[in-house]
Each structure stands twice: as structure tokens, then as C-alpha cells.
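Below: the structure, in C-alpha cells.
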Amino acid sequence: MFIHDTENALRAATALVNSLPEIDGEGVDRLANLDDMTEFLQEYPYTGAIRRDDVELDQLRSARSQLRQLWTGDRVAAVPIVNAMLRDGRALPQLVIHDGYDWHIHATDDAAPLATRITVEVAMAFVDVIRSDEFDRVRVCSADDCEAVYIDYSKNGSKRYCDTGNCGNRMNVNAYRRRKAEESA
Ligand SMILES: [Zn+2]
Ligand SMILES: [Zn+2]
């Protein structure tokens, strides 16, 4: 549905937002230290300068709240957020080809801070989402005890729960128990 690098950027953004402590209901920050960052970078590799130090970690941790805002409103509300991300990151889209990837866009310098590069890349991905009028796929988990975000990549757009936990199953079990309780009441 989305071009490959757009989907990659959206997946990375989803992971970053879902690492926030206010997401999982237990208050666990899943991007708390350098090991967490290394794990994130293994899962979502980035080219360009990576320092793997506390400054970089702090910047990446701080970037998460702004990324989360993209999930808190509708398509129109996302526009000024995306534009601010592009402006603040001094985005200058350029077509590039490297490391066996096909032509794609880099909108920041390779030497820009990692958090800036990721934020701009996510903003560029949301440009695609907004322009292709697919913003209704930008969703928050429907489970009543889960704030995790996701992008619905399903063909018919029917995905209701996040991928972080077991929300679909849990809600089904809850509904089943409620029905049972009502039957026996
Ligand atoms: Zn690249
Ligand atoms: Zn969930």
C-alpha cells in the first residue's frame, strides 16, 4: 500500500512511540538505556552517523512525544505537526541510491543527529500517508487498557488492535467472560 521506505519509517515511528512509558499501562520505558537503543537500531537500521552515546539516546527519547502527537488527532491536525518536523529538521529532499537500496529520498544530511534524521523520515512518511488520503490507517489500539499505536496495513483496513501485546485475544477473552457472567447472573 505504501512504498517500502515509507512503511519502514512508519514501523520505526510506531516502535518509538510504543516504547514510551505511558503506553503499556505498567509505566515501563522501553527506550531507557543504550542497550534499548542498540536493540531498536538492530531492528530498524539507519545509515549515516550513529554515535551510540547518551546525547543521542536523550535526543531520541525526547523525539518520541512529538511522534506520538501524529497519532492523537485526525488528518488535518497532523499537517502542522508534520510541517513543523520538516521545518525544524531543515528537510531538503534529495533522491539518493546507496548500499544496494533502490532510489529513495534522504531529506536530511547524513551528519544530522539521529533523532533529527528519524523525525524527518517519519514526517516524510506521513506526507505520503496524508497525500494518499490513507490517514484513517493511523490508529490507536482499541483495547480499553492499551494506548499503543499502529498503522493498519491490512487490505480492508479492519485491524483494531496493536501488535505490541496480545490485545485482540485479551479483549475476546474479556468479552467471553462478560457474556458468561451475564448468562449466569
Ligand atoms: Zn538511504
Ligand atoms: Zn494494544
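Remarks
- From the options 151, 118, 81, residue that is within 16 Å of ligand 1 (Cβ to nearest atom) and either at pLDDT 90 or above or more than 15 Å from the chain's Cα centre (by Cα) (or both): 118
- Only listed residue being within 16 Å of ligand 2 (Cβ to nearest atom), aromatic (Phe, Trp, Tyr) and either at negative phi or in contact with a strand residue (DSSP E or B) (Cβ under 6 Å, 6 or more places away or on another chain) (or both), chosen from 161, 101, 176: 161
- Candidate set: region 58-71, residues that are without any contact (Cβ under 8 Å) to a residue 40 or more places away in the chain and surrounded by 14 or more Cβ atoms within 10 Å (Cβ to Cβ); chosen: the one farthest from ligand 2 (Cβ to nearest atom): 61
- Listed by position, the strands (runs of 3 or more DSSP E) inside region 81-185 whose residues that are touching a residue at least 12 places away in the same chain (Cβ under 8 Å) number at least 2 are 104-106, 138-140, 149-151.
- Selection over region 2-43 of residues that are in a loop (DSSP other than H, G, I, E, B) and either surrounded by fewer than 15 Cβ atoms within 10 Å (Cβ to Cβ) or modelled with pLDDT of 95 or more (or both) gives a count of 14.
- Residue among 157, 165 that alone is at pLDDT below 90, more than 28 Å from residue 91 (Cβ to Cβ), away from ligand 1 (no atom under 16 Å from the Cβ) and within 18 Å of the chain's Cα centre (by Cα): 165
- Test: residue in region 94-104 that is closer than 24 Å to residue 17 by Cα and within 12 Å of ligand 1 (Cβ to nearest atom): no
- Of all residues in region 143-185, those satisfying the criterion of being over 28 Å from residue 2 (Cβ atoms) and surrounded by 13 or more Cβ atoms within 10 Å (Cβ to Cβ) are 170, 174.
- Selection of region 157-185 for residues being closer than 15 Å to residue 143 by Cβ and charged (D, E, K, R) yields 159, 160, 163, 170, 177, 178.
- Residue list for region 110-131, filter: surrounded by fewer than 20 Cβ atoms within 10 Å (Cβ to Cβ), of a type outside the set (A, V, I, L, M) and either closer than 13 Å to residue 79 by Cα or in contact with a His (Cβ under 8 Å, 6 or more places away or on another chain) (or both): 128, 131
The values are calculated or read from the model by the stated rules, or taken from the named source; none is laboratory data. Remember, it's a predicted structure, so these values are computed and weren't measured experimentally. Every residue, glycine among them, receives a Cβ derived from its backbone with ideal geometry; neighbour counts consider all protein chains shown.
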